[in-house]
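Report on one structure; see the data block that follows.
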Amino acid sequence: NKFANLARLSDFGISTISFSEENDVLVVVYNNSNIDLVYGTSVINVSDIKRKQITGEKTINNISFSGDEAYLACSFGIVALNLGRREVKDTYVIGEGGTHLNINDVEVLNDTIYAATDAGILKAGKEDNLLDYSNWSNVGNIPRASEKFNFLEMHAGKLIANYTPEQWYADEMYVYDGNTWSPYLSGIKYIFDIQENGNNLVIASRNSVYVIDQNDYVAKKTVS
């Protein structure tokens, strides 16, 4: 078992966990925002966010990967981890006027980074100066453009986004093909989580799990 050393993790109270096959690293995030990077038999602790002095809430909502970087969607902005150097690369505070903004999820499509926030989806080019909030712009051609989006996920070369009004059975998913946003699987109205798994998209709903194939058909539905 390549992760048999997990007993030597640096903290307790895991809030989220994600594995990067490309970098062969397990990223473990704790409730107190401490982070462990597990490389085979090595555990590297990254405590920068835990030690960071900020005003207001300090949580890590989600993890995504692009190349040798992990993007952490945080309650105050986006933290980029360089998985090769095993350290924090940058922190992007992208709210209006450079203020803190709750980031629910991050995803990368081609050369653009997308951030799902409580005030719509923001985007910026990967080669832009991401430290400058003015380089982040609102995605205006999606329905509910200024409202809360909580999940982003790549599937079959397209970007899936979930809008949530935080009301029972009222979520709406949209898919972006690089040009336009369209409604996606409108029959699923409650989204607890969305994850890409191999060639399939797995959607956890209230009491069901949907497996979506590369042609965007429901290949399997499990009801609990």
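Residues that are small (Gly, Ala, Ser) and within 22 Å of residue 38 (Cβ to Cβ) were ranked within the stretch 73-101; the one that is surrounded by the most Cβ atoms within 10 Å (Cβ to Cβ) is 73.
Please count how many residues of the stretch 36-59 are under 14 Å from residue 93 (Cα atoms) and crowded, with 21+ Cβ neighbours inside 10 Å. Here the count works out to 1. The condition (being farther than 26 Å from residue 160 by Cα, open to solvent by less than 10 Å² (accessible area, probe 1.4 Å), in a loop (DSSP other than H, G, I, E, B) and not acidic (Asp, Glu)) is satisfied by just one residue among 33, 10: 33. Restricting to the stretch 78-127, and then to whatever is small (Gly, Ala, Ser) and in a strand (DSSP E or B), can you tell me which residue is farthest from residue 160 (Cα to Cα)? Filtering the stretch 78-127 for residues that are small (Gly, Ala, Ser) and in a strand (DSSP E or B), the one farthest from residue 160 (Cα to Cα) comes out as 80. Among the residues of this structure, residue 108 does not count as one that is among the β-branched types (Val, Ile, Thr), over 26 Å from residue 199 (Cα atoms) and touching a strand residue (DSSP E or B) at 6+ places or on another chain (Cβ under 9 Å). Annotation for the stretch 47-57: no member residue is without any contact (Cβ under 8 Å) to a residue 12 or more places away in the chain and touching an Asp or Glu at 6+ places or on another chain (Cβ under 9 Å).
The residue list 209, 202 contains one member that is part of a strand (DSSP E or B) and either open to solvent by less than 50 Å² (accessible area, probe 1.4 Å) or without any contact (Cβ under 8 Å) to a residue 12 or more places away in the chain (or both), which is 202.
Out of all the residues in the stretch 146-168, is one or more part of a strand (DSSP E or B), over 17 Å from the mean Cα position of the chain (by Cα) and surrounded by fewer than 16 Cβ atoms within 10 Å (Cβ to Cβ)? The answer is no, given that none of the residues of the stretch 146-168 is part of a strand (DSSP E or B), over 17 Å from the mean Cα position of the chain (by Cα) and surrounded by fewer than 16 Cβ atoms within 10 Å (Cβ to Cβ).
The values are calculated or read from the model by the stated rules, or taken from the named source; none is laboratory data. Remember, predicted model here, so these are calculated numbers, not experimental data. For neighbour counting, all protein chains shown are included, and Cβ atoms are generated from backbone atoms with ideal geometry for every residue, glycine included. Heavy atoms of the whole protein, side chains included, go into the accessibility calculation; ligands, DNA and RNA do not. Shrake-Rupley method; radii C 1.70, N 1.55, O 1.52, S 1.80 Å.
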